[in-house]
Structures are given as structure tokens and as C-alpha cells.
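A short write-up of the structure that comes next.
The values are calculated or read from the model by the stated rules, or taken from the named source; none is laboratory data. Since the structure is predicted, the reported quantities are computational estimates derived from the model, not experimental observations. Don't worry about glycine lacking a Cβ; one is built from the backbone with ideal geometry, like all the others, and counts go over all protein chains shown. Just so you know, the surface numbers come from the protein's heavy atoms only, side chains and all, with ligands and any DNA or RNA stripped out. Shrake-Rupley method; radii C 1.70, N 1.55, O 1.52, S 1.80 Å.
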Amino acid sequence: MCVPRWDSDAVFSSLIGGRGGYAITPTEHHVWGGYYEPGSLIWRSRWVTTSGVIECREALAYPADSQRVVLLRRVVAVEGDAHVRVTLEPRGQYGARVASGLSREEGVWTARTADLQVRWTGGDTATVTTMSRQQRSLAMDLTIPAGRSHDFVLEISDGQLPDDVVDASATWAATEAAWAASVPDLTDCLNPSDTRHSYAVLRGMTSVSGAMVAAATTSLPERAEAGRNYDYRYAWIRDQCYAGQAVAALGAHDLLDDAVRFVGARLLEHGDRLVPAYTTVGGPVPDQRQLNLPGYPGGADIVGNWVNRQFQLDAFGECLLLFAAAASLDRLDTDGWRAAHAAADAIASRWTEPDAGIWEIDNQPWTHSRLTCAAGLRAIAAAHPSSGDAVDWLSLADRIVADTSTHALNPQTGSWQRSPDDSGVDGALLLAGLRGAVPRTDPRTLATLDAYTRDLTVHGYAYRFRQDDRPLGQAEGAFQFCGFLMALATHQQGDILTAHGWYERSRAACGPPQLYCEEYDVAEHQMRGNFPQAFVHALIIEAAARLA
């Protein structure tokens with residue numbers, strides 16, 4: 001729980017080895033289950049105990065307040081009396097700061113931790129447990145009669161809390177209504193309920209500024225003890241463009257407008273100096289550092305991200321693809337067109353520079369980056385053919401493709417290769433045909449799909465690129481993004497059965513909440529990396545729309 005923004009310090013940090021938590025647990029032996037209520041991020045835990053059934057309904061209050069987090073939890077005795085244990089230990093600065101000033105007045109607990117104000121209602125019978133000067137928590141045992149419920153409301157703010165405590169029933173009603181209004185029905189796609197869920201996930205990961213974080217977590221390792229741990233609680237330009245394009249495949253929905261608004265503002269502010277990622281308020285991503293915590297098992301405790309020092313050329317092409325998608329639905333305003341011109345100008349001035357690429361590694365003239373720029377230029381020219389710049393944009397796209405074909409086409413296979421100095425194939429290269437850098441019938445598109453299928457897919461799982469000589473799956477997990485790209489690429493070629501197979505296999509690689517990580521370890525049947533990963537949910541939406 002990072003308060004008040006995604007990238008703020010956490011108050012419950014046990015996931016990465018810190019202190020602090022908030023738990024509601026049956027006191028009897030029990031079996032757990034749970035699910036998100038349709039079209040929302042309202043979670044419902046369900047415990048079957050030795051004497052009955054208990055449910056705990058919980059959500060962040062919605063619409064959100066940029067200065068205050070309100071966490072609602074409602075425990076319901078569905079069958080028989082509910083016997084639960086409740087504990088609360090808020091600790092600021094990733095667990096380093098114990099709660100101070102802990103007091104109760106008229107059944108309401110208040111405290112401070114670091115620079116945060118905390119207020120908790122519903123725990124009027126809780127008592128303070130002091131293990132040491134560095135460990136103070138609230139705890140209570142609660143029995144709820146059969147058929148009844150009990151509300152808990154936790155408020156945390158970096159400013160002064162309102163005088164009035166939250167009305168739980170009214171806030172639940174407002175949250176339910178807000179979710180109903182925010183997530184469209186999405187009937188014209190595969191698996192509408194699951195697609196709506198991915199839309200809800202992206203909606204929940206989008207802040208009031210329009211910025212969508214790449215993931216809700218930090219420091220969950222892609223590979224145990226491999227040193228690949230990152231902080232993804234920031235808004236990546238590329239990922240937000242993926243989400244906007246995916247939503248546009250379904251229609252003119254609010255998440256498309258959010259993406260255009262946030263991405264356009266960054267382009268107008270920074271032009272060709274656009275960086276790959278920002279905080280949700282449009283600020284710079286902090287430098288990467290460690291917290292001196294044990295970390296998630298097999299991982300390390302990292303906040304900040306070194307992406308703040310990178311140049312990623314493909315982001316400009318993705319911006320143009322996003323703006324073109326918005327324009328096709330009449331959702332691009334004057335500022336949006338100004339931002340599109342800024343992106344096109346940036347490509348014109350910087351397309352020959354090496355960049356870190358989609359996978360954020362060493363600087364090279366990555367093929368994917370250049371072809372994405374060409375695709376964006378073609379798309380924005382098609383969206384505004386009467387513009388005096390359209391001819392120049394198309395000419396630049398042709399020049400980029402011709403140069404890339406001269407230097408980064410594999411002479412043995414006729415497929416795109418990763419860069420002039422790397423003859424390997426890469427999942428990101430499938431986007432050249434999908435986004436229109438070259439036609440879907442172009443021999444280079446067909447050869448790339450064949451080479452990728454042959455070299456980087458095994459038993460219905462897709463991988464980014466070959467890390468070394470080890471078998472696929474030993475170097476890293478299957479990449480969920482690439483699995484859905486295979487669904488789109490094979491569908492584009494008219495192979496409908498194969499496309500649905502890729503879609504279903506990739507869609508199955510999740511846990512009970514239907515949230516998706518970046519990678520999936522096929523051998524261990526485990527998700528890897530930060531969670532939930534926004535661009536995977538974006539590709540789920542796009543595949544569901546296009547395959548339908």
C-alpha cells in the first residue's frame with residue numbers, strides 16, 4: 001500500500017521483507033477462495049471454515065482522492081457466525097517508521113507514521129499490542145452473527161484528514177456506481193467478462209492525471225537470484241500507448257482519452273527529449289536505489305528505475321500510433337495534433353541514433369524501434385491525408401524502412417533481425433507487420449513470423465529473444481506480451497484456429513484474480529515479475545477485440 005501515489009513510500013511492506021500489514025483472517029481452519037466482482041476491482045474473499053462461510057468484500061474507494069487513500073473492507077457472516085482475527089500495523093517509509101500518537105476516541109483510532117495521517121473505524125474493540133519500541137500494532141477478535149456484516153474503513157493521507165469519518169455504506173454505494181460507470185459492457189469481443197476485467201485493471205492503474213502505471217508493484221523478481229528486479233510503479237510512455245491503442249480497437253472509451261491526454265502533455269512539454277517513463281504526476285522517475293530490506297524471496301528491494309537515463313526511439317512511433325487511433329475515432333483535439341507533430345519532428349531528427357529499445361538494454365540501432373517509427377508515421381499520415389506534412393511523413397517512413405531493410409534484414413531467412421549487429425529474431429519484430437510499417441503480405445512480414453515461430457516458441461509459449469545457448473525457458477520465462485502478439489500476428493495472416501490457440505494459452509497463464517505478470521515460468525507454473533503488468537492486460541483487450 002503506497003500512499004498517496006503509486007510511487008510513494010509503502011505503509012505495508014511485508015511483500016519485500018519490510019514491516020507493516022493489515023489482515024483479516026478466520027480464526028478457524030478454513031479454505032480460501034476469491035474473485036473480483038464483474039466489471040470492477042471490488043475483491044471478494046470467501047473462506048469456508050469448519051462451522052460456516054465468511055466473505056470479506058474490499059475495495060479502494062472510487063472515485064479516488066489524490067491526497068487520501070480510503071480502503072473499505074466489509075466482513076459478512078454468510079453461513080453461521082463469523083469468527084475473525086483483525087490486525088493493523090501501519091508503518092511509513094517502507095516499514096522503517098512505527099506508528100506514533102496511537103489513540104482511540106469514540107471508537108475511532110488515529111495515528112501518524114512518517115508524514116502520513118492514519119484513521120481507522122470499525123476497530124473500536126481493538127487493543128494496542130506493543131512488542132517493542134519498534135513494533136506497535138492493533139489487534140482484535142471479532143464475532144459477527146450469522147447474516148450480519150461489519151465494516152472497517154482505513155484512511156491514510158499525506159495531508160489533514162477531513163473532520164468527518166467516512167460513511168461506509170455511502171462510500172460503498174459510490175464506489176459501486178463509479179465502477180459501473182467506468183467500465184463499458186464490451187460485448188463485441190471474445191470473452192466479454194474477462195475483457196471487461198482487463199479494462200477494469202487498466203482503469204484502476206490509471207491516475208487522475210491520466211497516467212497509467214506499468215505495474216502496481218516493485219521488486220518482484222523476473223528470475224530468482226538473477227538480479228532482474230525493477231520498480232514499475234511509473235507511467236511508461238510505450239505501455240500507455242499500447243493500452244490506448246488496445247482500447248481504441250473496442251471503441252472511443254475513456255482510457256483512450258486518458259492515454260492521449262497524458263502522453264500528449266509529455267510530448268508538448270519535452271518534445272524530442274521525451275523520456276521513456278514519468279511519475280503519475282508527470283515528474284521525473286527517481287534514480288534506482290535499494291532500501292536495505294530482505295526483499296521478495298529470490299529478489300532485491302529496489303525503488304526508482306534507471307530508465308530515467310535512457311533514450312527509447314520507439315516511444316515516438318507508439319505515440320503516433322496512439323494519436324492516429326484516437327483520430328480515427330474523432331478523439332484527437334488540437335493539443336493532440338500538436339503533440340503528433342512534435343513526435344513526428346522528433347523521429348525526423350533522431351531516428352538514426354542508437355537507443356535502448358523496447359527491452360531497455362544496450363544502445364543499438366534496434367530494428368523494432370525504427371520500424372515502429374515508420375509505422376507511426378504511416379498511421380498519422382493516413383489519419384490526416386490532407387495535411388501538408390502527410391507527404392513528408394510518408395517519405396520519411398519509406399526512408400526509414402529502406403535503410404533498416406538494407407542493414408537489418410537477415411540474408412539467410414529474409415526476416416527482420418534484431419539489429420544490424422544481432423542476427424537473431426525478436427518477438428517485438430512481429431509489430432512491424434501488425435502496425436503497418438510494412439504490409440501484412442510483405443515477404444519480410446511472413447518470413448519474420450515464420451522465423452519467430454520456429455526459433456522462439458515452444459508448446460504454445462512465446463519468448464522475447466534468445467538470451468544465450470540454453471534451452472528456451474531456462475534463461476527467462478515465457479513472455480506474456482509475445483504470446484498475445486502471436487495471437488494477433490497469426491490472426492492477421494488468416495490462421496484463425498492458431499490465433500485462438502495462442503490467445504487461450506496465453507490467457508490461461510494467471511492466478512485466481514486473473515491478473516497477469518510480465519513472464520510465466522512454464523516448468524514451475526508460476527508467474528514472474530511485477531504484477532499486474534499493464535501492457536499484458538492491454539494486449540488481452542486488443543486480441544479479444546481483433547480476434548472477434
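Roughly how many Å² is the accessible area per residue of segment 229-383, as a whole number, for a 1.4 Å probe? Mind dumping the intermediate values first?
Numbers: 5170 Å² over 155 residues.
Ligands and nucleic acids excluded, the figure is 33 Å² per residue.
Here each label is just a point 7 Å from Cα along the line to Cβ, and for residue 193 and residue 453 those points are 3.3 nm apart. Counting only protein heavy atoms and a probe of 1.4 Å, the accessible surface of segment 272-424 is 50% carbon and sulfur. Only protein atoms count toward the accessible area here, which uses a 1.4 Å probe; on segment 16-104, the carbon and sulfur part of that area reaches 51 percent.
Segment residue 177..residue 50, full-extension length gain: 42.2 nm, with 0.36 nm per residue of separation and the alpha-carbon distance subtracted. When the solvent-accessible area of segment 160-228 is split by element, carbon and sulfur atoms take up 49 percent of it, the probe being 1.4 Å.
I need the peptides 188-197, 2-11 ranked by packing, meaning the mean over residues of other C-beta atoms within 10 angstrom, with the highest value on top. Working shown, then result.
Values: 188-197: 18.5, 2-11: 21.7.
For the peptides 188-197, 2-11, the packing ranking is 2-11, 188-197.
Take segment 426-482 with all the other protein chains still there, run a 1.4 Å probe, and you get 40 Å² of accessible area per residue. Taken about its Cα centre, segment 405-473 carries a charge dipole of roughly 220 debye when the Cβ of each Lys and Arg holds +1 and the Cβ of each Asp and Glu holds -1.
Rolling a 1.4 angstrom probe over the protein heavy atoms, how many square angstrom per residue are accessible across segment 1-85? Could the numbers behind the result be given before it?
Working: 3730 Å² over 85 residues.
Normalised by residue count, the accessible surface of segment 1-85 is 44 Å².
For segment 387-429, the square roots of the Cα gyration tensor eigenvalues, ordered a ≥ b ≥ c, give a/c of at least 1.5 with a/b greater than b/c, which places it in the prolate category.
Between residue 287 and residue 65, the FRET efficiency from the beta-carbon distance, with R0 = 30 Å, is close to 0.55. Applying a DSSP loop filter and a limit of 12 other Cβ atoms within 10 Å to the GluC sites (Glu not before Pro) in segment 35-106 leaves 106. With each label modelled as a point 7 angstrom along the Cα→C-beta vector, the residue 328-residue 35 pair spans 3.4 nm. Rounded, prolate or oblate for segment 443-520? Axes are the square roots of the Cα gyration tensor eigenvalues, ordered a ≥ b ≥ c, and the cut-off for rounded is a/c under 1.5. Oblate is the answer for segment 443-520, as a/c is 1.5 or above yet b/c matches or exceeds a/b.
Can you bin segment 77-187 into rounded, prolate or oblate? Criterion: square roots of the alpha carbon gyration tensor eigenvalues sorted a ≥ b ≥ c, rounded for a/c under 1.5, prolate for a/b above b/c, oblate for the rest. Don't jump to the answer; show the numbers that get you there.
Details: a/c = 2.05, a/b = 1.30, b/c = 1.57.
Judged from the Cα gyration tensor, segment 77-187 comes out oblate (a/c at least 1.5, b/c at or above a/b).
Net length available on complete extension from residue 269 to residue 79 is 62.7 nm, with 0.36 nm assigned per residue and the Cα-Cα distance removed. For segment 331-475, the alpha carbon convex hull comes to 131 Å³ per residue, rounded to a whole number.
Using 1/(1 + (r/R0)^6) with R0 = 51 angstrom and r between the beta carbons of residue 389 and residue 523, what's the FRET efficiency to the nearest 0.05?
E(calc), rounded to 0.05, equals 0.50.
A probe of 1.4 angstrom, applied to the heavy atoms of all protein chains, finds residue 531 with accessible area near 60 square angstrom. Annotation: for a label point projected 7 angstrom from Cα along Cα→Cβ of residue 185, residues of segment 29-48 with backbone N closer than 17 Å are 38-40. Under Stokes-Einstein, with the Kirkwood radius over Cα pairs as Rh, the value for the chain at 4 °C and 1.567 mPa s is 52 µm²/s. A 1.4 Å probe over all protein chains sorts 450, 495 by accessible area into 450, 495, starting with the largest. With unit charges on the beta carbon (Lys/Arg positive, Asp/Glu negative), name the residue among 310, 282, 267 whose Cα is farthest towards the positive pole of the charge dipole of segment 231-311. Of the options given, the answer is 310.
Can you tell me the orientation of helix 254-270 relative to the chain, as the angle in degrees between its alpha-carbon axis and the longest Cα principal axis, to the nearest 10? Approximately 70 degrees, to the nearest ten.
At what distance in nm do the modelled label points of residue 406 and residue 361 sit from each other, each positioned 7 Å from its Cα along Cα→Cβ? Simple spin-label model gives 2.6 nm for this pair. Distance from the alpha carbon centroid of segment 465-525 to that of segment 240-265 works out to 24 angstrom.
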